[in-house]
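Taken together, the values in this text are just the output of simple stated rules run on the coordinates, not laboratory data. Computed from a prediction, not measured in an experiment: that's the story for all the values here. Because the Cβ atoms are built from the backbone with ideal geometry, glycine has one as well, and the counts that use them run over all protein chains shown.
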Amino acid sequence: GSAIDLAARSFTPETETSKAIIVITDGENHQDDAVAAAKQAHEKGIVIHTIGMGLEQGAPIPEKGKPGQFMQDAQGNVVISKLDEQTLQDIAKAGEGLYIGSWTKSIVWRKACLKSGYIVIMPRSTSTSCWWGCFSSLWSL
């Protein structure tokens with residue numbers, strides 16, 4: 001929710017152009033209500049699209065700058081992040097946008113992005129080059 005709030009505040013309220021936010025994430029949210037944030041953003045004329053990254057069964061989160069090492073919790077256990085497609089679908093629905101699984105190639109998604117201004121929210125724990133590679137593949141259909 002806080003990422004959507006921050007992105008929504010970055011738009012100029014008075015502008016008449018289309019506004020959209022693309023959230024690229026696994027959908028796990030341990031802090032706040034992203035669905036409510038998407039509804040509030042949509043009330044300001046902003047469409048919220050989501051792209052789901054990750055696996056439903058989960059996978060360890062790589063430590064940035066430490067090849068072969070994974071994020072650990074306070075007890076030293078490897079953190080497993082799981083794709084939460086339902087939450088991502090709920091966020092997109094609340095923002096009247098689209099939910100796309102990262103493996104999906106869709107001309108509908110590309111057309112929606114082309115007619116809207118957008119901001120990409122990068123996940124907290126993944127290398128930028130990896131996500132940009134995934135994101136750019138949507139444009140090269």
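Summary of computed values
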read-out: Every residue from region 1-58 that is of a type in the set (G, A, S) and either touching a helix residue (DSSP H, G or I) at 6+ places or on another chain (Cβ under 7 Å) or closer than 15 Å to E85 by Cβ (or both); value: G1, A8, G27, A34, A37, A38, A41, G52, G54, G58
read-out: Region 21-47 - residue that is β-branched (V, I, T) and touching a Leu at 6+ places or on another chain (Cβ under 9 Å) and, of those, nearest to A94 (Cα to Cα); value: V47
read-out: Residue match in region 10-20 (condition: under 16 Å from D90 (Cβ atoms) and under 15 Å from the mean Cα position of the chain (by Cα)); value: no
